[in-house]
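Quick notes on the structure that follows.
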Amino acid sequence: MLRHLPSPRTPEPTSAPVLRWGIMGPGWIAQRFVGGLHKHTRQRVTAVGSRSAGRADEFARRMNIPSSHEGYDALLADPDVDIVYISTPHPQHHGCALAAIAAGKHVLVEKPMGINAIQAQEIFAAARTAGVFAGEAMWTRFLPKFDVIRQILDDGVLGTRRTVVADHGEYFTTDHRIYDPALAGGPLLDLGTYPVALAQWVLGEIGQVAAFGRPATTGVDGVELNGQIAATMGHAGGGQSLITTTILADTPTTAFVAGENAYLSVPGPFYQPGPFTLVQRDGEHLTHEEEPAQHEDGLHFSAADAARTIADGATESRIHPGADVIATLDAMDRIRAEIGIVFPGER
Ligand SMILES: NC(=O)c1ccc[n+]([C@@H]2O[C@H](COP(=O)([O-])OP(=O)(O)OC[C@H]3O[C@@H](n4cnc5c(N)ncnc54)[C@H](OP(=O)(O)O)[C@@H]3O)[C@@H](O)[C@H]2O)c1
């Protein structure tokens with residue numbers, strides 16, 4: 001039985017080699033990403049590209065970025081950009097990433113890497129061929145708290161891993177892009193990706209999938225899209241997972257991971273910085289104490305990992321490799337197939 005939790009081994013983000021970052025798609029998450037880089041790292045954000053010159057200028061002024069570009073091609077032609085952070089909506093990730101790789105840039109793509117596993121495979125393959133880095137900004141996986149969880153898992157403290165239960169629900173009004181079918185709306189790609197990725201990471205290869213979905217009606221034109229999903233997955237190693245996700249309600253967004261000898265209980269939001277507790281069969285409770293924090297105090301860990309990986313000459317993160325990204329998207333493809341969700345361009 002464990003008597004003390006390990007400490008996170010996450011390197012200090014300010015010590016990561018400095019890259020020059022270009023921002024593609026200056027929206028909600030891009031603002032928090034740039035804010036986090038400025039606050040917690042020595043990374044330089046040198047340029048921003050928007051479909052509109054006005055939005056690029058305004059974002060550059062507000063976020064203290066030296067260059068702004070009208071159009072993403074102009075951003076990709078900027079010689080002062082080493083790596084492009086792609087924060088466009090999900091269906092645009094694939095085209096934006098391939099264009100950036102073709103321009104010789106490294107890419108860090110917001111989650112999910114693409115709308116399906118094939119898109120992610122194509123991005124990683126293109127990056128490998130071009131000899132540039134491609135990564136998914138699944139920020140959760142890079143957080144110090146998840147390095148502690150990784151050590152607990154690797155050291156076999158849980159014993160044989162049996163069960164993952166994880167949830168992510170958030171109430172959105174119907175004017176948000178998450179209600180737009182043309183932008184691959186619904187809960188799965190924005191929110192469900194966190195619990196599915198956790199299950200894939202902890203329990204490994206996914207065998208069977210069973211899923212139920214419930215529709216929601218968009219406010220704009222009354223079009224139906226998926227509003228919530230419950231899925232169970234049987235993993236090849238013998239474990240099973242249950243994930244729930246919804247855009248129709250705020251939920252606790254908690255997770256637990258259970259093995260024969262102990263379980264990890266992660267209070268919501270499980271995917272953000274914060275505490276968790278290890279409960280062992282002898283009754284011992286060990287708590288990882290960590291101040292809860294949000295995006296601007298967490299997104300930078302994945303950027304620092306990208307900078308270190310590139311300095312090492314590798315094209316994929318060791319912490320969150322392409323195989324995990326593709327396996328998670330493959331599981332989401334199979335969840336969608338169960339429910340009959342097809343995204344634009346997939347037919
Ligand atoms: N890691 C996280 O915690 C987290 C949180 C939220 C979102 N995300 C991810 O980040 C991505 C962006 O989400 P967001 O909430 O930041 O979205 P957002 O606020 O709508 O920003 C997306 C930006 O993409 C650009 N864009 C390019 N093509 C577009 C199109 N066809 N329609 C709309 N915008 C388009 C727009 O900028 P210009 O037109 O100015 O170029 C827009 O500002 C999503 O894939 C999402 O999953 C991650």
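The values are calculated or read from the model by the stated rules, or taken from the named source; none is laboratory data. In this text the structure is predicted, and so the values were computed from the model without any measurement. Cβ sites come from the backbone with ideal geometry, for glycine too, and all protein chains shown count toward neighbours. Protein only, heavy atoms only, side chains kept; ligands, DNA and RNA dropped before computing areas. Shrake-Rupley method; radii C 1.70, N 1.55, O 1.52, S 1.80 Å.
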* **Projected label distance in nm at Glu58 and Ala236, using a 7 Å step from Cα toward the beta-carbon** => 4.9 nm
* How many angstrom separate the Cα center of segment 33-109 from the Cα center of segment 269-283? -> 36 Å
* What order, most packed first, do the peptides 57-66, 322-331, 303-312 have when packing is the mean number of other Cβ atoms within 10 Å of each residue? -> 322-331, 303-312, 57-66
* To do: Scan the chain and note any complete DSSP helix (H) whose C-alpha atoms cover at least 24 Å along its axis and whose Kyte-Doolittle average is -0.5 or more.
  => 322-339
* Asked: Quick one: Debye curve from the C-alpha atoms of the chain, no solvent, what's log10 I(q)/I(0) at q = 0.09, 0.10, 0.11, 0.12 Å⁻¹?
  -> -0.48, -0.59, -0.72, -0.86
* Mean separation of Cα pairs under 8 Å and 6+ residues apart, divided by the residue count of the chain: what relative contact order is that in percent? -> 20 percent
* Asked: What number, rounded to the nearest 500 deg cm²/dmol, is the helix-based mean residue ellipticity at 222 nm of the chain, given -39500 (n - 2.57) per DSSP H run of at least four residues and division by all its residues?
  -> -9500 deg cm²/dmol
* In cubic angstrom, how much convex hull volume per residue do the alpha carbon atoms of segment 268-338 span? -> 169 Å³
* Sticking to Cα atoms, compute the Rg of segment 200-309 to one decimal and its Dmax as the biggest Cα-Cα distance, whole number, in Å. => 17.7, 56
* **Whole-number Å³ per residue for the convex hull built on Cα positions in segment 25-88** => 73 Å³
* Asked: Using the Kirkwood formula over every pair of different C-alpha atoms, what hydrodynamic radius in Å results for segment 145-233?
  -> 15.0 Å
* Two-decimal log10 I(q)/I(0) for segment 13-140, as the Debye equation yields it once each C-alpha is a single scatterer, q = 0.16 Å⁻¹ -> -0.71
* Tell me which residues come under 5 Å, amide H to amide H, from Leu19 once H is placed; ignore anything under 5 positions away on its chain. => Arg44
* How big is the accessible area of Trp201 in square angstrom, nearest 10, if you roll a 1.4 angstrom probe over the protein chains? -> 40 Å²
* State, in angstrom, two size descriptors of segment 116-275 derived from its alpha carbons: Rg to one decimal place and Dmax to the nearest whole number. => 17.0, 52
* Can you give the % of DSSP beta bridges in the chain that are antiparallel, to the nearest 5? -> 55 percent
* **At R0 = 30 Å, FRET efficiency that the Cβ-Cβ distance of Met1 and Ala293 yields, to 0.05** => 0.50
